[in-house]
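Working notes for the structure below.
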Amino acid sequence: MTTLASSPLQSGRAPLREIASGFDVEKVRADFPILHQQAHGHPLVYLDNAATSQKPKAVIDAIVRYYENYNANIHRGVHYLSERATAEYEAARKSVQAFLHAARPAEIIFVRGATEAINLVAQTYGRVHVGAGDEVLITAMEHHSNIVPWQMLCEEKRAKLRVAPINDAGELIPKEFEKLLGPRTKIVAVVHVSNALGTVNPIATIVEMAHARDIPVLVDGAQAAPRMPVNVQDLDCDFYTFSGHKTYGPTGIGVLYGKLPLLEAMPPYQGGGEMISSVSFEKTVFNKVPHKFEAGTPDISGPIGLRAALEYLDRLGMDNIARYEHELLSYATEKVSAIPGVRLIGTAKEKAGVLSFVMDGVHPHDIGTILDQEGIAIRTGHHCAQPVMTRFGLDATARASFGLYNTKEEIDALVSGLQKVREVFG
Ligand SMILES: Cc1ncc(COP(=O)(O)O)c(C=O)c1O
């Protein structure tokens, strides 16, 4: 890890402390150059990690090293640079395999992000297996990217999108979910950690219920991958997706994990170079998995940067990260909910680092704007989860979401900022 000399946070506010055993947040912060700046004259407090996370120097350096030293197209050149770039690209696939505990590298497909991964499954597996009168089952807490691709598929195929309800705490109701699994259900698509509520879903139980009826399960892991250890073989899910940019890696790169027999049986998503073995005007023979799903020149620096991010997370330990973020969440939950007029949205028993809330008489956008003037970045709006807002009778919430470099002192700054909002609005 690199160490930067000083941080405005170290000089400006209460001293940083190690608050979880085995996790030195001060050292971690030194690895993230962007954090060490002022916003509107205050030390930057970045609490919008569910939207995207900041990048450690190791990731930035890996991308620069690629462009400075071995930029070349992959899989097709016989020259030195191309062979080196190909080896690094494929090494990145192995890093993702290890990160997700997948059985084989071929089960890892590089895509643009969780959104593209879900679209890929809907447009390949979905178009083959979902027909008129069939059903796709999702939940009421999905991000738009795990709703719209299925809605488009259902419209095209005259199939039905079924939605499992959630309770007032923002938890899935297992019995209600199970009732919706029927002979016409062709696939289940469910979020692992809700970006709007923070709820952690019981994926292993969901998979067990679906598999008892031979229904495959896709898990949207966009918010889980940066926050907790993920073992796709233990979960036994059929597909798992996540985005590099929320996992301390670059934008423009993401992952689709799929069980090999499913991937092998699926038609390609896009046609073009790289995804073929041979082409004539009469017939094309497709390449093997995973290349069958990676048409054209892919993002090469993306997987290389992502590998650096995953190795960084591995050095810290995903268990340590999960434990540390849980401490932050518990601390923030207690402090924020004690502010008069504040109501938390999403109070599930199992939650990960996302705190959504509303304040009586103040629009979330006003909360966000006032906090911004204090140097504090949060997200306000529907968080690309409008049906969740509808479920809670709202059109927006304010959302603070935590990352591995956040501190209790930053949560104290958030609380002071919210008290200021309270004062401004009386
Ligand atoms: C739960 C969840 N799923 C999917 C996505 C989509 O991710 P991306 O925009 O990186 O494709 C997000 C992004 O916020 C998300 O929070």
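If I ask for residues that are farther than 14 Å from Thr251 by Cβ and assigned to a helix (DSSP H, G or I), which ones from the range 282-303 would you list? Within the range 282-303, His291, Lys292, Phe293 meet the criteria.
Considering Tyr331, Tyr269, Tyr248, Tyr257, the condition of being out of contact with any Gly (no Cβ under 6 Å at 6 or more places or on another chain) and in the same structural domain as Ile367 (by TED's automatic domain parsing) is satisfied by Tyr331 alone. Scanning the range 39-71 for residues that are at negative phi and part of a loop (DSSP other than H, G, I, E, B) yields a total of 11.
Could you grab me the full set of residues in the range 399-412 that are buried (at least 18 other Cβ atoms within 10 Å of the Cβ) and either over 18 Å from Ser337 (Cα atoms) or out of contact with any strand residue (DSSP E or B) (no Cβ under 7 Å at 6 or more places or on another chain) (or both)? Phe402, Gly403, Leu404, Tyr405, Asn406, Thr407, Glu409, Ile411 - these are the residues of the range 399-412 that are buried (at least 18 other Cβ atoms within 10 Å of the Cβ) and either over 18 Å from Ser337 (Cα atoms) or out of contact with any strand residue (DSSP E or B) (no Cβ under 7 Å at 6 or more places or on another chain) (or both). Residues of the range 1-38 that are more than 22 Å from Asp314 (Cβ to Cβ), modelled with pLDDT of 95 or more and in a loop (DSSP other than H, G, I, E, B): His36, Gln37.
Among the residues here, Gly198 qualifies as touching a Lys or Arg at 6+ places or on another chain (Cβ under 6 Å) and either farther than 20 Å from His143 by Cβ or within 15 Å of the ligand (Cβ to nearest atom) (or both). For the range 280-303, filtering for residues that are over 27 Å from the mean Cα position of the chain (by Cα) and surrounded by 12 or more Cβ atoms within 10 Å (Cβ to Cβ) leaves 3. Applying the criterion of being in a strand (DSSP E or B) and open to solvent by 20 Å² or more (accessible area, probe 1.4 Å) to the residues of the range 368-398, the residue that is farthest from Asp48 (Cα to Cα) is Thr380. Among the residues of the range 227-267, the ones that are away from the ligand (no atom under 14 Å from the Cβ), assigned to a loop (DSSP other than H, G, I, E, B) and open to solvent by 30 Å² or more (accessible area, probe 1.4 Å) come to 5 in all.
Selection of the range 202-221 for residues being buried (at least 24 other Cβ atoms within 10 Å of the Cβ) and either more than 11 Å from the ligand (Cβ to nearest atom) or under 17 Å from Ala140 (Cβ atoms) (or both) yields Ile206, Leu218, Val219, Asp220.
Within the range 90-112, the set of residues being open to solvent by less than 50 Å² (accessible area, probe 1.4 Å) and farther than 21 Å from Glu264 by Cβ comprises Ala91, Ala92, Ser95, Phe99.
The values are calculated or read from the model by the stated rules, or taken from the named source; none is laboratory data. Treat the numbers as computed from the prediction; the structure is a model and nothing was measured. Glycine gets a Cβ as well: all are built from the backbone with ideal geometry, and neighbour counts include every protein chain shown. What goes into the accessible areas is simple: the full protein's heavy atoms, side chains included, and nothing from ligands, DNA or RNA. Shrake-Rupley method; radii C 1.70, N 1.55, O 1.52, S 1.80 Å.
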